[in-house]
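Worksheet: one structure, shown below.
The values are calculated or read from the model by the stated rules, or taken from the named source; none is laboratory data. Computed from a predicted structure; not experimentally measured. Cβ placement follows ideal geometry from the backbone for every residue including glycine, while neighbour counts extend to all protein chains displayed. Ligands, DNA and RNA are excluded from the accessible area calculation, which covers all protein heavy atoms including side chains. Shrake-Rupley method; radii C 1.70, N 1.55, O 1.52, S 1.80 Å.
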Amino acid sequence: MKLLRSFPLLCFALVLMSIGAVCLAQQSVQLLLVAGTLSAMSWFITEGPRGRTLPRWVSNVLVIGVAVNFFVDFVQHRDEPLAVLGRFAVFLVLIKLYERKTPRDHAQLLSLTLLLMITACLQATDLFFGAVLLVYCVLGLYVLLLYQLHTA
């Protein structure tokens, strides 16, 4: 089915949209450049012709490193806990993008994009973010329905 072949691409678009929304809410161009570049590269590396992914032990070590970085970042920026949580979730999403994609990993990616959007909603004050949120809701519902078909 052509519909199911579009699921990985639309899931990736949803992830990119949520990363962009967090960067928009935090007004952080640096985070957008780093996370956007790494996430765009992940599509070509993991879904490309060779399809290279991170081994589980490497991704586990990276998650531990990100968790340690989260605590250090939280101690340094106690006055903005939502920004720290948003950056933590962005780094978790980046690690998940480089792993092998099973239906469980896709579900975790979709859950992390929802966490990213919630933290961005709590920080954003722009009308443009409202438009991004509306597009995310429509695309997220469509991707969620495709996920149900993909796992069945």
Checklist entry - Looking at region 32-49, is at least one residue open to solvent by 50 Å² or more (accessible area, probe 1.4 Å), over 21 Å from L115 (Cβ atoms), modelled with pLDDT under 95 and not in a helix (DSSP H, G or I)? => result yes
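Please go through region 101-151 and give me each residue that is acidic (D, E) and in a helix (DSSP H, G or I), ordered by number.
So the first thing to find is which residues in region 101-151 are acidic (D, E), and the list is 105, 126.
Of everything in region 101-151, just one residue is acidic (D, E) and in a helix (DSSP H, G or I), namely D105.
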Item to check | Enumeration of residues in region 124-152 that are at pLDDT below 90 and among the hydroxyl-bearing types (S, T, Y) | outcome: T125, T151
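Restricting attention to region 1-31, which residues are closer than 14 Å to A120 by Cα, surrounded by 14 or more Cβ atoms within 10 Å (Cβ to Cβ) and either of a type in the set (S, T, Y) or more than 13 Å from the chain's Cα centre (by Cα) (or both)? Write out each step before concluding.
Restricting attention to region 1-31, the residues satisfying the condition of being closer than 14 Å to A120 by Cα are 15-28, 31.
Filter once more, keeping what is surrounded by 14 or more Cβ atoms within 10 Å (Cβ to Cβ): 15-26, 28, 31.
Listed by number, the residues that qualify are S18, L24, A25, Q26, S28.
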